[in-house]
Structures are given as C-alpha cells and as structure tokens.
1. Quick one: in region A:142-164, of everything that is surrounded by 22 or more Cβ atoms within 10 Å (Cβ to Cβ) and without any contact (Cβ under 8 Å) to a residue 40 or more places away in the chain, which residue is nearest to the other protein chains (Cβ to nearest Cβ)?
2. Restricting region A:233-257 to residues that are closer than 21 Å to A:THR307 by Cα and without any contact (Cβ under 8 Å) to a residue 24 or more places away in the chain, which is farthest from the chain's Cα centre (by Cα)?
3. Which pairs turn up if I take residues in region A:308-321 that are over 16 Å from A:LEU275 (Cα atoms) and modelled with pLDDT of 90 or more and look for partners that are outside any helix (DSSP H, G or I) and of a type in the set (A, V, I, L, M) with beta carbon separation below 8 Å, at least 6 apart in sequence or on another chain?
4. Working only within region A:322-345, note down all residues that are at pLDDT below 95 and of a type in the set (Val, Ile, Thr).
5. Evaluate region A:367-375: report whether one residue or more is at pLDDT below 95, surrounded by 15 or more Cβ atoms within 10 Å (Cβ to Cβ) and within 18 Å of A:ASP269 (Cβ to Cβ).
6. Sort through B:VAL56, B:VAL133, B:VAL98, B:VAL42 and tell me the only one that's surrounded by 16 or more Cβ atoms within 10 Å (Cβ to Cβ), farther than 23 Å from A:PRO133 by Cα and among the hydrophobic types (A, V, I, L, M, F, W, C).
7. Confirm whether A:ALA347 is within 30 Å of A:GLY298 (Cα to Cα), of a type in the set (Gly, Ala, Ser) and assigned to a helix (DSSP H, G or I).
8. Quick check: anything in region A:204-215 of a type in the set (Lys, Arg) and free of Cβ contacts under 8 Å to residues at least 60 places away in the same chain?
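The values are calculated or read from the model by the stated rules, or taken from the named source; none is laboratory data. Note that the structure is predicted; figures quoted are calculated from it, not measured. Heads up, the Cβs are rebuilt from the backbone with ideal geometry, glycines too, and the neighbour counts pull from every protein chain shown.
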Amino acid sequence: MSGGVHPADPVSDAVAGAFRDERATVLATLIRQAGDFQLAEDAVQDAFEAAVTAWRRDGIPANPGAWITTAARRRAIDRLRRDRSVADRAERLAELTRLDQDEEELSMDDESSIVDDRLRLIFTCCHPALEMPAQVALTLRTLGGLTTGEIARAFLVAEPTMGKRIVRAKRKIADAHIPYRVPADEELPDRLRGVLRVVYLVFNEGYAATKGDRLVRGELCDEAIRLGELLTRLMPDDAEVWGLLSLMLLHDARRAARVDPEGRYAALDAQDRSLWDRDRIADGLTTLERAVSLRRPGEYQLQAAITALQIQAPDAENTDWAEIAELYGALARLNPSPVVELNRAVAVGLADGPAAGLTLLEPLLGDPALERYQPLHAAHAELLSRAGYASAAAGAYERAIALTANAVELAELERRLGALHAD
Amino acid sequence: MAHYMLLVYQEEVDPAEQAEREREMPMFVELHRSLREAGLLVGVQRLHSTESATSVRVRGGETEITDGPFAVTKEVLAGYYILDCADLDEALKQAARVPAACWGTVEVRPIMPADEWLRVSREAGADLPDEAVKDMA
C-alpha cells in the first residue's frame, strides 16, 4: 500500500503485510464468487481501507487474510445491492450471502481451490482476446498489486492512458464474457505459453533498463520473478514454467553489473563479476535442474541453459561455445528465427573458428528482411575481423554503425572499428 | 418476399453524447413495434461496443486471435452467424471453424441482452416502461 504509511506502526505494517501476501488470493476468490472483476477489486480495496481503522480499534486479527476475505465479501454484497449493472446480480447476491452465513464451511476451503482461483485469475488476465499491453497491465494490477500509477511509470505511459487501458480490459472481460477458468487440457499448452510470454515481457521491460525510472524497472523484474515463482507453485509439473523462472533468475543475478560506473551498458564479457548475485545464480541453477528433470525441453529452458553456461565459465575464452552452439541449434529447431540463427552462428564461430561462423551467417546476409538488422552486421564484422579480413570487417562495422541509434553501442562499435585500423 | 439485413453504422462517441442517444431509445422501441405489427420484423439486436470485439483469422492452419474489431480494409461484410455460447472462448472456437476465417476475418461481437439494453437506456434517462423490453429484441 502506498502513501500514508507510518514506519513504526504495527497496524500499518500488518495491513501492508496482508496486502502483499493475501491480496491476490482474496481477490482471485472474490472475482469467482462475485462474477465481476471491477466489483471484486473495489470490494477488496474497501476491505483494506477498513482494516486500517478496525485493526487500530480492535487489534490486529489472528488471521488477517481471513479478516480481509470476510470484509471484502461483505463489501461486495453492499456494492451489489446498490449496483444494478452487474450481470446475474440476483444469483451473485444469493451466492455471496450464502457464503457469508457459511463462514465455517468457507474456512474449510482447501488449498487446491485457492490455487485454482489464482490460476483462473492469471489465465483470465492473459487471455488472448485482450491486447498484449492490457494483459500485462491487468496481470501487474490484479496479481502484482501495483497501482495504475506505478504501471504507467514503468511503461512510460501517462497515468490516465494506463487507467483507460485497464478499465477497458475489465469491461471487455465482463461484456464479452471472457471466462474465469483454467483452460481445458487441449488449450492449456497454448494458453500457458501466452501467460509465460506476459511474465517474461514484464521481466524484460524491467531488465532492458534503457529508459525510464530505474527503481520502478527493478520492481518490474522482482514482480516478474514473484509471478514466475507463483506459477511454479501453481503448475509444478510444467518444465517451461521452471525454465522461465530459471532464465529470469540467471539474468537478474547480473542486474547490478549490466551498467558500468559511468552508466554505460556493459556486455557480459565486460561485466564486473564481483557484482553478480551468487545466491541468485545458485537459485537459478537449481531451478534449471528442476526444469530439466521433468524431461520436457522448451525454449525458456534452452535459453536458461545457454545463460547458465555463459555465467559459469570464468571468461569468454573459456566458455563451452560448442555446447552453446548445440543449444542454439535445438532452440532453432523448436522456434526458428533469424535472431536464434545469428546467435548460433556467433557461437559456432567461437567454437569452430570464424570461417564456420561466417558460413552460417551467409544465408542471413542474403535475406533482404535483415538488411537493416544491426546485430547481424555487428556480428558479421566481428567474425570477419577474427578471420583476418580487416577491410571487409571495416565495411561491416560501418554498416552496423550506420544502423545504431544507441549511443553506448555506437561508442563500442567505433572503438572496435578503430582497433581494426590500429592493427 | 425477400429478407434484407439493415446494418446500422454510427460513430462511437463519448459517454455524455452516448447518454443523449440512449434517451432516443423510445423511438427505436416504437419503430420495432410498428415493424412487428406490419409483419416485417424478423429480428433486431443491439451489439456491445467494438471495445468488446475480438477478431479471428485462420492462417496456415493456425488460429490468430486479436483484440478489437476488424480493421477497415478491402474486406466487406459477407454474412453473419448468431451463436448461443457459454462464453467467449466457445464463440472464438466456433468462429475459427467458419471457412471464410481462412481468407477473411470473423469479428466476434457480444450481443447486448434486451434487459441490459433497457437498463442502459433507462440509466441515461430514457423514459421506457418495463414491457418495452419485448420490443428491444
């Protein structure tokens, strides 16, 4: 909860703690029971506001989560009595009232139904009928508990714009009857891929750190990892869920080292390794083992394995590039893309010599769609330079430089071009 | 006798202007009643705004689902289906089965139930009696 928090006030701490730990769970269940996103969200918000006064007056309850659940349900009943615009209003009211009289039964709510509600919430927020930015915003808002203002700042969007996006998404869920459920088995792989994409997008938005408030962006990384951890608890049998978490942990472990003391982007090779978070790397590696033990390879696991090899090697010279090239090959078979092909060519160039890399680069260089793809020309230049073709390398560097907008990358490419002439 | 479809187009406007339009609803109800009495009315329904629309295309055997209405291109309206589905997922699944989804677009729009139409108009100040609901569908 933001605003008005007294640092050493136990009630504020308890409310903030309940908000952090219980809000998503309470909300997920209430959305199912009330059948309406907006109504449930408002009722949960009301309950947290009421908690501040009530807990100060009556003391902090033994089970804050249960208190919030009951309070939110009663607020939802009050709101439903007043708001006639909710579909199936009478049935909803009857159901909520019955639940309210059956407190005993409710507290028996087993762990699995709570897990199901949070999964329902994730799959609904990441429904493909919602546009991607709305999926991301809704996920951060409902599961992450971020405010609209925080999400707007993280994505460099004006707050009213972000507010409209979220309101519109919630209205579409209601008007178009986007179901609140975990997809059936036959749809599940596809839909889960969509969920993982949203989580990874949140992470990358925070990790890119090229623009925007760095503090907020760090929170996005943390939030994505929290969501990733939640998914591993909810779907522990899915290898890619573990793969994505591992990939995020391994990247995040190097967050502090990605920018050098002058504020410039530092490539893996140039990073100060003493800044790496060793515990996080260990977590990432254990998570990757867990993923691999499920024996269902996938994109995120392969990317995590590649990152793990790069991190574990003492430096670029002593990296197992042959194994990395192999992993990129597997990635290309699963999901062919020029970016993966390019990375594979670079790895092969480092494993088997620049000539082998250049051969793999050949078809990419002939692809008109990649003519303006800067990383391709930068990699081409690097391989040519290593192969000893200085003048061809200079041409490729110039080409890459012409396509670079980022000042830091530009300086690095110019430095390499200069080194070429000095040889 | 022949059947004709009357497609109603309008600009989507801000809530204040939309409220003004809602207050004109008694004129619609009157029209529907007179069409029904003349034996001309086969069906009339109001659609939710395009904000709740989803477009479905099938390309290379893969179903593509996008948020939003069908974008203005050279494609024109060729036909319609009204399905009774449990939820949007089912509607999208059936939309992907329409053969034209392979070369065109199937826009899926929820229909506003008659009682909701009545409520929305009344909330904006339209003077409509309860029984008007039977002339709103």
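1. Across region A:142-164, the extreme among qualifying residues is A:MET162.
2. To start, the set of residues in region A:233-257 that are closer than 21 Å to A:THR307 by Cα comprises A:238-257.
Filter again for without any contact (Cβ under 8 Å) to a residue 24 or more places away in the chain, leaving A:256-257.
Numbers: A:ALA256: 18, A:ALA257: 20 Å.
In this case the residue turns out to be A:ALA257.
3. Close Cβ pairs (under 8 Å, with a partner that is outside any helix (DSSP H, G or I) and of a type in the set (A, V, I, L, M)) amount to A:THR319/A:ALA313; A:ASP320/A:ALA313.
4. A:VAL339, A:VAL340
5. So in region A:367-375, the residues at pLDDT below 95 come out as A:367-375.
Next, from what is left, pick out any that are surrounded by 15 or more Cβ atoms within 10 Å (Cβ to Cβ): A:370, A:373-375.
Still in the list and also within 18 Å of A:ASP269 (Cβ to Cβ): A:375.
Yes, because at least one residue in region A:367-375 is at pLDDT below 95, surrounded by 15 or more Cβ atoms within 10 Å (Cβ to Cβ) and within 18 Å of A:ASP269 (Cβ to Cβ).
6. Values: B:VAL56 fails: farther than 23 Å from A:PRO133 by Cα; B:VAL98 fails: surrounded by 16 or more Cβ atoms within 10 Å (Cβ to Cβ); B:VAL42 fails: surrounded by 16 or more Cβ atoms within 10 Å (Cβ to Cβ).
So the residue among B:VAL56, B:VAL133, B:VAL98, B:VAL42 that is surrounded by 16 or more Cβ atoms within 10 Å (Cβ to Cβ), farther than 23 Å from A:PRO133 by Cα and among the hydrophobic types (A, V, I, L, M, F, W, C) is B:VAL133.
7. Numbers: within 30 Å of A:GLY298 (Cα to Cα): yes; of a type in the set (Gly, Ala, Ser): yes; assigned to a helix (DSSP H, G or I): yes.
In short, yes.
8. First pass over region A:204-215, keeping only residues of a type in the set (Lys, Arg): A:211, A:214.
From what's left, free of Cβ contacts under 8 Å to residues at least 60 places away in the same chain: A:211, A:214.
The answer is yes, given that some residue of region A:204-215 is of a type in the set (Lys, Arg) and free of Cβ contacts under 8 Å to residues at least 60 places away in the same chain.
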